[in-house]
1. Kindly provide the set of residues from segment A:21-33 that are within 15 Å of DNA strand C (Cβ to nearest atom) and either in a strand (DSSP E or B) or within 10 Å of chain B (Cβ to nearest Cβ) (or both), ordered by number.
2. A:Glu100 - would you say it is over 13 Å from B:Leu68 (Cα atoms), surrounded by 19 or more Cβ atoms within 10 Å (Cβ to Cβ) and more than 18 Å from the chain's Cα centre (by Cα)?
3. Residue by residue through segment A:41-63, note down the ones that are more than 9 Å from DNA strand D (Cβ to nearest atom), buried (at least 18 other Cβ atoms within 10 Å of the Cβ) and outside any loop (DSSP other than H, G, I, E, B).
4. Does B:Thr79 fit the bill of being within 22 Å of A:Gln78 (Cα to Cα), open to solvent by less than 10 Å² (accessible area, probe 1.4 Å) and within 11 Å of another protein chain (Cβ to nearest Cβ)?
5. Find all pairs meeting these conditions: Cβ atoms under 8 angstrom apart; at least six residues apart or on different chains; first residue within segment A:17-39 and without any contact (Cβ under 8 Å) to a residue 24 or more places away in the chain and over 17 Å from A:Glu62 (Cα atoms); second residue within 11 Å of DNA strand D (Cβ to nearest atom) and among the hydroxyl-bearing types (Ser, Thr, Tyr).
6. Which condition breaks for B:Glu36 when tested against (1) open to solvent by 70 Å² or more (accessible area, probe 1.4 Å); (2) of a type outside the set (Val, Ile, Thr); (3) more than 10 Å from chain A (Cβ to nearest Cβ); (4) more than 29 Å from the chain's Cα centre (by Cα)?
7. Given the condition in contact with a strand residue (DSSP E or B) (Cβ under 6 Å, 6 or more places away or on another chain), open to solvent by less than 10 Å² (accessible area, probe 1.4 Å) and either modelled with pLDDT under 90 or in the same structural domain as A:Pro222 (by TED's automatic domain parsing) (or both), answer yes or no: does some residue in segment A:123-134 qualify?
8. Sort out which residues of segment A:52-63 are within 14 Å of DNA strand C (Cβ to nearest atom) and at the interface with chain B (Cβ under 7 Å from one of its Cβ atoms), and write them in order of number.
Number of protein chains: 2
Amino acid sequence: MVERNEETIQATKTSFEIVHTLQEVGPARLSEIAAELELAESTTHRHLQTLHDMRYVSRDGERYQLGLRFARLGRAAQTRDPAYEMTQRHVEALAEETGERAQFVVEDHGLGIYLHVETGSQAVRVGFGVGRQIHLHSSSAGKAILAHYPRERVDEILDQWGLPAHAANTITDREELYEELETVRERGVAFNREEHVDGLNGTAVPVKRDGRAIGALAVAGPSHRLTGEWLDEEIPNMMLAAANELELNATYASDAGSRDHIVE
Amino acid sequence: MVERNEETIQATKTSFEIVHTLQEVGPARLSEIAAELELAESTTHRHLQTLHDMRYVSRDGERYQLGLRFARLGRAAQTRDPAYEMTQRHVEALAEETGERAQFVVEDHGLGIYLHVETGSQAVRVGFGVGRQIHLHSSSAGKAILAHYPRERVDEILDQWGLPAHAANTITDREELYEELETVRERGVAFNREEHVDGLNGTAVPVKRDGRAIGALAVAGPSHRLTGEWLDEEIPNMMLAAANELELNATYASDAGSRDHIVE
DNA sequence: GTCATGAATTCCGTTATGCGGAACTGATAA
DNA sequence: TTATCAGTTCCGCATAACGGAATTCATGAC
């Protein structure tokens, strides 16, 4: 009689949906959030009060917004693997040497997440794009990662997210992608020729540990600038050197770091 | 009969406690988390499943860990006010000029949160300390902020967090702190002489907007190096110049930024 | 091969608890 | 004064979150 469908907790989902709404729209009033999510105001109030009590949400008069406690959580996620931290200086160096945007991307839940982003020019604001999520099939970093995953895992990911077209050249056919990944595996380098955004090219190499890709280093820029030998050879060589150095530090030494009076 | 005590949601609290546990201990098994929080394994399982479904938790075989979705949330929190972003280059410049650790700290829920941290020497790993939470009464940045808050708000914060001693010189007396804040307000500069950690000095200036402190710029370092004119005059002058420049940009222009194919 | 162990997952009855509607409060303005 | 609007509190109900028990699954000992 009673449908025992999903084994998940509704209240938790609702709370995170509220958090997500705050992430999307910025400071908002209770009534706006309730309307947005089609919840009763009393319910919304209870969730916001709970989140506020735990310091995951702040309020300024009538407006609620994300609590800065998420900054800590975000850092913890970003450094959950010591190897993630070691890539930062390589990303900086790549941005410096190429003058283009350099990135370090890892896979989580079948999506690519930008963990480090640096731009060659100083004009662009720092840290912009960190945490951003992209599909793996349409980016050089994503293809570099997928190329070194077992086929079953690749299929799982494609089943989950599909192969939506983002630009004219996006690979939207599964077989075609398999072939592309084969090529990437052979060359050790992935390219993105206007597959993600029209007018934007990119190239990436995997960073491996124990034979498994833990992420990818990538460089992206306007297709008129990223072309020829520069795109095909020179940039990949810089990235390969960086990836190689990272992989040699096989131990990826981790240190706990000192902690003084931290409030939890 | 039925006690209607706290108007908060238990399930949400439990879910966030699990997230917090993962932040603290890193990758963990279900049974470890259940034991740590004294929850039934079936309950823990349901929460983890829910969090995993929403991509806020990842699992690698038998171990659960924070999902990288928190990286995005953390960035969103860190940039919830456009003014927060504009301080980064000043923090970098201060670290460069002083050769010491420079920080930008804001208040949330009565605590100080480090939003930007840069060190003069390149040896130290980047971003370390971002998101960290400290008591306001025992740091130069905290005192710079409190000095420009109305008395009632200061009392609220002290009621909530007390004045715990962290080092030999920590101010633990309310009246004494009031006087100190008065001095800070007059001078426009706050000092921390081994009040937070023995052997560590610091100095800070508030960054104000519409007369209200939105945060503080701070420089900290070993007490033997941070002393005399250097600590009392020169560093504060650099910080004041930076704060002044920030405050002149009263508009704090915000731009939405382009978004390409972002997966939510 | 069987049996023991330990962890994760599923099942299930109970009842606490999360829910929305309604009532109430408080601020602002007409 | 009354009207309006947002936020908060109250309250009864039915659901869904809970923990204990049973089951599955993997691993290792003998």
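1. At the first step, the residues of segment A:21-33 found to be within 15 Å of DNA strand C (Cβ to nearest atom) are A:21, A:29-31, A:33.
Once the filter is applied, which keeps residues that are within 15 Å of DNA strand C (Cβ to nearest atom) and either in a strand (DSSP E or B) or within 10 Å of chain B (Cβ to nearest Cβ) (or both), segment A:21-33 yields only A:Arg29.
2. Working: over 13 Å from B:Leu68 (Cα atoms): yes; surrounded by 19 or more Cβ atoms within 10 Å (Cβ to Cβ): yes; more than 18 Å from the chain's Cα centre (by Cα): yes.
Taking the combined requirement at face value, the residue satisfies it.
3. Result: A:His47, A:Thr50, A:Leu51, A:Val57, A:Ser58.
4. Details: within 22 Å of A:Gln78 (Cα to Cα): yes; open to solvent by less than 10 Å² (accessible area, probe 1.4 Å): no; within 11 Å of another protein chain (Cβ to nearest Cβ): yes.
When the stated conditions are applied, B:Thr79 does not pass them.
5. A:Leu37/A:Thr14; A:Leu37/A:Thr44
6. In the conditions (1) open to solvent by 70 Å² or more (accessible area, probe 1.4 Å); (2) of a type outside the set (Val, Ile, Thr); (3) more than 10 Å from chain A (Cβ to nearest Cβ); (4) more than 29 Å from the chain's Cα centre (by Cα), B:Glu36 misses (4) alone.
7. yes
8. First, the residues of segment A:52-63 that are within 14 Å of DNA strand C (Cβ to nearest atom): A:53-54, A:61-62.
If the condition is that a residue be within 14 Å of DNA strand C (Cβ to nearest atom) and at the interface with chain B (Cβ under 7 Å from one of its Cβ atoms), then A:Asp53, A:Met54 are the ones that fit.
The values are calculated or read from the model by the stated rules, or taken from the named source; none is laboratory data. None of these values were measured; they are calculated from a predicted model. Ideal geometry is used to build each Cβ from the backbone, glycine not excepted, and the neighbour counts take in all protein chains shown. Accessible surface is based on the protein model in full, side chains and every heavy atom, while ligands, DNA and RNA are left aside. Shrake-Rupley method; radii C 1.70, N 1.55, O 1.52, S 1.80 Å.
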